[in-house]
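The values are calculated or read from the model by the stated rules, or taken from the named source; none is laboratory data. Quick caveat, the model's predicted, so the values are computed rather than measured. Methodologically, a virtual Cβ is constructed for each residue, glycine included, from the backbone with ideal geometry; neighbour enumeration extends over all protein chains shown. Areas reflect the complete protein model, heavy atoms only, side chains present, ligands, DNA and RNA absent. Shrake-Rupley method; radii C 1.70, N 1.55, O 1.52, S 1.80 Å.
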Amino acid sequence: MFEIKAKDMRGRVGVLKTKHGNVKTPALMPVIHPRKQAIDVKKYGADIVITNAYLIYKDDDLKQKAIDEGLHKLINFDGPIMTDSGSFQLSVYGDVDITNEEVIKFQDLIKSDIGTSLDIPTAPFVDRQKAEEDLKITLERAKEAVKIKKENDIGMLLNSVVQGSTFMDLRQKCAAELSQLDADLYPIGAVVPLMESYHYKELVDVVMNSMMCLPDNTPRHLMGAGHPMIFALAVAMGCDLFDSAAYILYAEDDRLLSTRGTFKLENLQEMPCSCEVCSKYTPDDLRAMPKEKRRDLIAQHNLHVSFAELRLIRQAIYEGSLMELVEERCRAHPALLDGVRQLANYSEDMEKYDPRSKKSAFFYTGPESLGRSEVLRHQRKLLEMPKKRDLVILPPSRKPYSKFISGHLGEFYIYGAEQEFDMENTDFMVLDVPFGLIPLEIDELYPLSQSAAPRIRDVDSTEFITNFMSDFIENYEQVLIHSKVIKDLDIGLYNKSIESDEIKYVRDDLKKIKAIADYQFGVGAGEALFKGNIKIEKSKKTGKIRHIYDGKVLIVNMRASDSYLVLSKEGARRLHKALPYPKNRVVVNEDSEPFALEGKSVFSKFVIECDENIRTRDEVLIVNEADELLAYGKSLLSAVEINNFQTGQAIKTRKGFK
Ligand code: GUN
Ligand code: ZN
């Protein structure tokens, strides 16, 4: 019932399937009041809405009508409807007149598409005992709800809400236990007080700790989040659904939502956007209107900016620029900036989800970009790469660096042992923000060359780069550091200078493709792939490497967009022979073996095991349990997702070995 179409960071564009139609996610569900709904949210872009089953249950007229005619008729909406259970009322009034069992059965009776059990929204910062007691009840009720659903053959989809207050281990425990339940959606609850009080740092902790223990193939709903300021950050953390009462509550208060924050009508000289309302009326026009008309128009604006933001977010996911959008949005408020800075503490987790290569370039928008998973990933790879004895560090020039560097390179300072250095035994790297050091051989790979940073460096990135460099050069006997780098970073590690004519960089295509292979597939891949009578064919137009052969046999193609190597049959064979199990492997079960051999795509549910280093867009080897090569292809998911998903394609097979 949930299918993922595109991914960036932990964010996904997906399709949620319900009895009343499909919904593209990330989506916003406007809150519909069952009695006093004034505006037609569908007209302004809502594909799915949420309403409160408890409010209907408590009102005899509404209840009867809902039972007789169904929920969709009652609130006059023919698309998917989610219902909440009264938990929110429970958290406000301390009590409700309904049991968990009653509310589950009632939601099904009135034909809700997605129902919710009666969880206990435990406020942030309560004492531990309270959080534990509440959590126990929340978990019991979630389990009971699933049992009731099964026993009564209820078709309604079911929400199981993650609670645990601001105790991260409790959030994890709750998410992990709920994951065992086979619920259909996993909302994250009791975050409204965090958002209302601008505790975005804690919000990031709560969401990430919940997320890390939830299944990846199920939609997650950030309950009560309706301000568009927060959508991009929440989506990057993996949230798929939002609900908004904000659009109408703010409108009742003469407040206009925007991604930059909230505007009070009384302070407006200009209308803040170009929606129908903002184009047609001035702030004076609105102020002069009767209250109700004004409220409805502001609500219309509020819905417009909320849906517009979600369109922008989905587009950012398609093109791979979600983090750039998040960093931009989080500059709307210092507390949001705290949120995105806190997210950097989770880059280890984020890296497991972030696709290897994206359509759009990596932009450094400020020191927060240093915490992105792309940076972590590159620095880690760099540490794994084989090293020569000596290292030359060059200053950045135009990208790709290797294209604009050649011949004699200027004045250098020496760090380390002072022995003869031999260029054959020297690595050449360029100092780079934010990646640290980039070996010239691999600098065309995504995102190393498909990235940009301002030319004037900030203090944080200088410190970050200097720290990385100082650690990294310890791996070498002798390091030649260009005088510009010394000046730029204000470091004093050197003891003697050296003239340019002794040092020059000579481009070598064979070295380059071997280094790319090692970086992409693991150390040793380059030597194994490119042996024999290697012929490198370049594009006549761009001069870039396109095909690599051994004699007449194709080994790999180089993808123009990101310079990663794409395997041929022979390439796959060589890689399989050279790299030990489980490197780059996806192991499929016996049943799917014939399909893989024929070149049919691999579905997640047939995968028994896979290399934990696989990421979206990687070239992978498809093998059986005896590690016999069956086929090869491109991964559509990362390792954690392949292991987690029970439906859908995992590997787009290029060819089978039948
Ligand atoms: N609406 C806002 N927060 C919550 C929550 O924690 N649980 C439920 N059921 N509804 C909510
Ligand atoms: Zn507007």
Query raised in the report: Roughly how many Å² is the accessible area per residue of region 45-155, as a whole number, for a 1.4 Å probe?
Result: 47 Å²
Requested in this report: Find the centroid of the Cα atoms in region 617-650 and in region 511-556, then give the distance between the two in whole Å.
Outcome: 23 Å
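Rounded if a/c is under 1.5, else prolate if a/b beats b/c, else oblate: with a ≥ b ≥ c from the C-alpha gyration tensor eigenvalues square-rooted, which is region 605-658?
Because a/c hits 1.5 or more and a/b exceeds b/c, region 605-658 counts as prolate.
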Report summary line: Rounded to the nearest 10 Å², the 1.4 Å probe accessible area of residue 365 is 60 Å²
Query raised in the report: So if R0 is 51 Å, what FRET efficiency would residue 380 and residue 60 give, r being the distance between their Cβ atoms, rounded to the nearest 0.05?
Result: 0.25
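Placing +1 at every Lys and Arg Cβ and -1 at every Asp and Glu Cβ, with all other atoms neutral, what dipole size does region 442-492 have around its Cα centre, in debye to the nearest 20?
For region 442-492, the charge dipole is close to 260 debye.
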Query raised in the report: Along region 301-314, what does the Karplus equation 6.51 cos²θ - 1.76 cosθ + 1.60 (θ = phi - 60°) give for ³J(HN,Hα), rounded to whole Hz, x for Gly and Pro?
Result: 4, 4, 5, 4, 5, 5, 5, 4, 5, 5, 5, 4, 5, 5
Report summary line: With 0.36 nm assigned to each residue of separation and the Cα-Cα distance removed, residue 490 to residue 328 gains 55.3 nm
Query raised in the report: When the dipole is taken about the Cα centre of the chain, and only Lys, Arg (+1) and Asp, Glu (-1) are charged at their Cβ, what size is it in debye, to the nearest 20?
Result: 2460 debye
Report task. Could you grab the relative contact order for region 217-367? Cα pairs under 8 Å, six or more apart, rounded to a whole percent. Result -> 24 percent
**Report entry** Farthest toward positive dipole pole in the chain [+1 Lys/Arg, -1 Asp/Glu at C-beta], among 419, 459, 396
**Finding:** 396
Requested in this report: Take the alpha-carbon positions of region 1-108, form their convex hull, and give its projected area averaged over all directions (one quarter of the hull surface) in nm².
Outcome: 8.3 nm²
Report summary line: Heads up, region 286-359 by the C-alpha gyration tensor (a ≥ b ≥ c square roots of eigenvalues; a/c under 1.5 rounded, else a/b over b/c prolate, else oblate) looks prolate
Report task. Give me the accessible area per residue for region 502-658, probe 1.4 Å, as a whole number in Å². Result -> 47 Å²
Report task. Quick one: which residues, 5+ away or cross-chain, put their amide H under 5 Å from the amide H of residue 5? H built at 1.01 Å from N. Result -> 13, 14, 15
Report summary line: For region 211-350, shape from the Cα gyration tensor axes a ≥ b ≥ c, cut at a/c of 1.5 then a/b versus b/c, turns out prolate
Query raised in the report: What Rg and what Dmax come out for region 104-199 when only alpha-carbon atoms are used, in angstroms?
Result: 13.8, 43
Query raised in the report: Around residue 243, which amide H atoms from residues at least 5 apart in sequence, or from another chain, sit under 5 Å from its own amide H, with H modelled in the peptide plane?
Result: 29, 224, 225
Report summary line: Length gained, residue 67-residue 647, 0.36 nm per residue minus C-alpha separation, equals 205.3 nm
Requested in this report: Please work out the average accessible area per residue across region 265-380, using the 1.4 Å probe convention, and give it in Å².
Outcome: 43 Å²
Query raised in the report: At a Förster distance of 60 Å, what's the computed FRET efficiency of residue 99 paired with residue 475, Cβ-Cβ distance as r, to 0.05?
Result: 0.40
**Report entry** Inter-centroid distance (Cα atoms) of region 138-198 relative to region 291-325, Å
**Finding:** 27 Å
Report summary line: With every protein chain in place, the accessible area of residue 567 for a 1.4 Å probe, in Å² rounded to the nearest 10, comes to 10 Å²
Query raised in the report: Taking the chain, how much of its Cα-Cα pair set, in percent, is spaced more than 34 angstrom apart?
Result: 52 percent
Report summary line: Given 37 °C, 0.692 mPa s and a Kirkwood radius over Cα pairs, the Stokes-Einstein diffusion coefficient of region 7-55 in µm²/s is 263 µm²/s
Query raised in the report: What aspartates and glutamates could a cross-link reach from residue 24, if we take a straight Cα to Cα line under 15 Å and drop same-chain neighbours fewer than 8 places away?
Result: 3, 47, 240, 243, 309
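For the chain, give the percent of accessible area contributed by carbon and sulfur heavy atoms, probe 1.4 Å, rounded to a whole number.
Its accessible area is 48 percent carbon and sulfur atoms.
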Query raised in the report: Roughly how many nanometres apart are two label points built 7 Å out from the Cα toward the Cβ at residue 132 and residue 15?
Result: 4.7 nm
Query - Nonlocal amide H pairs with residue 608, under 5 Å, H built at 1.01 Å - result: 587, 588, 589
Query raised in the report: For residue 267 and residue 655, what does the FRET efficiency come to when R0 = 45 Å and r is the distance between their Cβ atoms, rounded to the nearest 0.05?
Result: 0.10
Query raised in the report: Can you pull the three principal axis extents for the Cα set of region 589-629, in Å, largest first?
Result: 25, 19, 19
Query raised in the report: Hey, what do the phi angles of region 29-41 turn into as Karplus ³J(HN,Hα) couplings, whole Hz, using 6.51/-1.76/1.60 and θ = phi - 60°, x for Gly and Pro?
Result: 9, x, 7, 9, 7, x, 10, 10, 5, 9, 10, 7, 5
Query raised in the report: Could you give the length gained on full extension between residue 169 and residue 506, defined as 0.36 nm per residue of separation minus the Cα-Cα distance, in nm?
Result: 115.9 nm
Query raised in the report: For region 626-637, in order, what is each residue's ³J(HN,Hα) by Karplus, 6.51 cos²θ - 1.76 cosθ + 1.60 with θ = phi - 60°, in whole Hz (x at glycine and Pro)?
Result: 8, 6, 8, 6, 9, 6, 8, x, 10, 6, 9, 9
